[in-house]
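Note sheet for the following structure.
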Amino acid sequence: MTGAREILPPRGKLGVLMPGMGAVATTFIAGVELIKKGLAKPIGSLTQLGTIRLGKRTKSRVPKIKEFVPLAELHELDFGGWDAFPDDAYEAAALAGVLEKEHLNAVREELKRIKPFKAVFDPRYVARIKATHTKSFASSREAAEQLREDIRSFKQEHGLSRVVMVNCASTEAYIQPQKAHFSLEDFEAALERSDPSISPSMIYAYAALMEGVPYANGAPSLAADIPALVELADEQGVPVVGKDFKTGQTLIKTIMAPGLKARTLGLEGWYSTNILGNRDGEVLNDEKSLKSKEVSKLSVLEHILQPELYPDLYDKISHVVKINYYPPRGDSKEGWDNLDIFGWLGYPMQIKINFLARDSILAAPIVLDLALFLDVAERARMGGIQEWLSFYFKSPMTLPELYPEHDLFIQQMKLKNTLRAIMGEELITHLGLDYYE
Ligand SMILES: NC(=O)c1ccc[n+]([C@@H]2O[C@H](COP(=O)([O-])OP(=O)(O)OC[C@H]3O[C@@H](n4cnc5c(N)ncnc54)[C@H](O)[C@@H]3O)[C@@H](O)[C@H]2O)c1
């Protein structure tokens, strides 16, 4: 046994606030409401369906994660957020076209009640949206103040004891970290003068952290993953994690690549292409937003395959990722992957993967898990970067001196061992020699 952390019990209601109430956010909210009514099952959610082995394999102690860790219950969740359009969650979900009418109508009342706050929006960061529901402010600092006020009033009006924020807003234009991002002092000065390097996503993240609200970034936009905001999260002792939900193609990539490496099979090239037709796809049709997504998708292979350690296998990989906006597909994305691999004596082979995915169906359970795990992290007083939640992200946040872990199986072990550690259970190494001695 290791020492358990003290975790405050999940008393009262938990609010989940989402900047961006589009396809992912509304599929998540509608899903939770359907599950609460017993009309659907939480498929894809580790917190709801996953189990965790405790102790020796001979002991058969395998509780559900939600029975092992003091997570908030689904009926204690409440939802809200911000959007650049005034549609309520029912209208937004209908527009997103992810869920069937029958599902939406079963939770119509619950969704109708959820109306977004006006967004902090900047067309320089999201060019493809003609926003109609936005705040006016004299400076970016004032924008942050207004968001903080929204958080406080949401909490009060809904009688919540805790709130978490999960960013589900459109992908913003790609930017590199720059001077205003490197220290909290510089960041706050930049907020004051409305420096163009401060994006709306950063303002939401800043507002959350200032309010002591744990923050997750589901988009590939640069947000809490800048030194200034990590400094703020550490200072405030608030959990922070990101970025870019790991769903379709990248999920498959981080399942496949560790397998090839485990068998020391070589890789010459990996060509990935996608077609998608939802609003996310439309936003990504802008070159600058597309760059954020492509950078996020490209980083995984190199980290998993470690060409510097395996020059014979992964020295010259051609890794190409393409995303194409194709309206007829809506939220049903199609991804094609071609892998040129090689085996014994260098003989070439190919693997083809054709994934007909549903983007928001894959992302919604991630929003749920992140909200529940961030809340537990907050109650366990685990401030700063939550690397153990890398499992859910394409570009996991880490300390600058650490490389991110992309291998889904290492990420899963890290997550489950973190749960064991905070609950004071033995960590599992999968050694197993002791059974045979
Ligand atoms: N669905 C997936 O599988 C998946 C995976 C990884 C990441 N993501 C990311 O999640 C985000 C949401 O995806 P989606 O499919 O729901 O997109 P969506 O276009 O349906 O929803 C995004 C919403 O954000 C709103 N918005 C834009 N700028 C805003 C701002 N400044 N403040 C508040 N709202 C704002 C838009 O009006 C829109 O309603 C995107 O960034 C996407 O790249 C999605």
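Only the coordinates and a few stated rules stand behind these numbers; no lab work does. This is a predicted model, so every value here is computed, not measured. Cβ: placed from backbone, ideal geometry, glycine included. Neighbour counts: every protein chain shown.
Some observations on this one:
- Theoretical FRET efficiency, 1/(1+(r/R0)^6), r = Cβ-Cβ of Ser139 and Arg57, R0 45 Å, to 0.05: 0.15
- The stretch 156-250: relative contact order in percent, alpha carbon pairs under 8 Å with at least 6 residues between: 33 percent
- When Glu387, Glu149, Glu102, Glu172 are sorted by how many other C-beta atoms sit within 10 angstrom of their C-beta, beginning with the fewest, the order is Glu102, Glu149, Glu387, Glu172.
- Multiplying the residue separation of Gln176 and Leu356 by 0.36 nm and removing their Cα-Cα distance gives an extension gain of 61.5 nm.
- The length gained on full extension between Leu298 and Arg263, counted as 0.36 nm times the residue separation minus their Cα-Cα distance, comes to 10.4 nm.
- Lys/Arg +1, Asp/Glu -1 at C-beta; the chain dipole; positive extreme among Tyr90, Gly281, Phe137: Tyr90
- Of the complete DSSP H runs in the chain, those spanning 27 angstrom or more by Cα along the long axis with a mean Kyte-Doolittle score not below 0.5 are 359-379.
- Look at the dipole of the stretch 159-251 built from charges on Cβ: of Pro227, Asn167, Ile198, the Cα furthest out on the positive end belongs to Asn167.
- With the simple model of a label 7 Å out from the Cα in the direction of the Cβ, Thr273 to Asn324 spans 0.5 nm.
- The stretch 25-92: equivalent-ellipsoid semi-axes (sqrt of 5 x gyration tensor eigenvalues, Cα, Å): 33, 11, 10
- Extension gain, Glu6 to Leu433: 0.36 nm times the residue separation minus the Cα-Cα distance gives 150.5 nm.
- Taking all Cα pairs closer than 8 Å and separated by 6 or more residues, the relative contact order of the chain comes to 21 percent.
- Most fluctuating residue given options Ala25, Ala138, Ala127, as computed from a GNM of the chain linking Cα atoms under 10 Å: Ala138
- Debye log10 I(q)/I(0) at q = 0.07, 0.12 Å⁻¹ for the chain, Cα point scatterers: -0.34, -1.03
- Shown for Val238, Val321: other C-beta atoms within 10 Å of each C-beta, ranked fewest to most, produce the order Val321, Val238.
- Candidate aspartates and glutamates for bridging to Lys155, where Cα separation is under 16 Å - those fewer than 8 sequence places away on the same chain excluded: Glu76, Asp78, Glu145, Glu211, Asp375
- Cross-link table Lys13/Lys112; Lys36/Lys243; Lys112/Lys333; Lys112/Lys253, entries beyond 30 Å C-alpha to C-alpha: Lys112/Lys253
- Glu185-Glu100 FRET efficiency (beta carbon distance; Förster radius 41 Å; 0.05 resolution): 0.20
- Cβ-Cβ FRET estimate between Tyr310 and Lys37, R0 fixed at 30 Å, reported to 0.05: 0.05
- The stretch 183-305: relative contact order as a whole-number percent, Cα under 8 Å and 6+ apart: 23 percent
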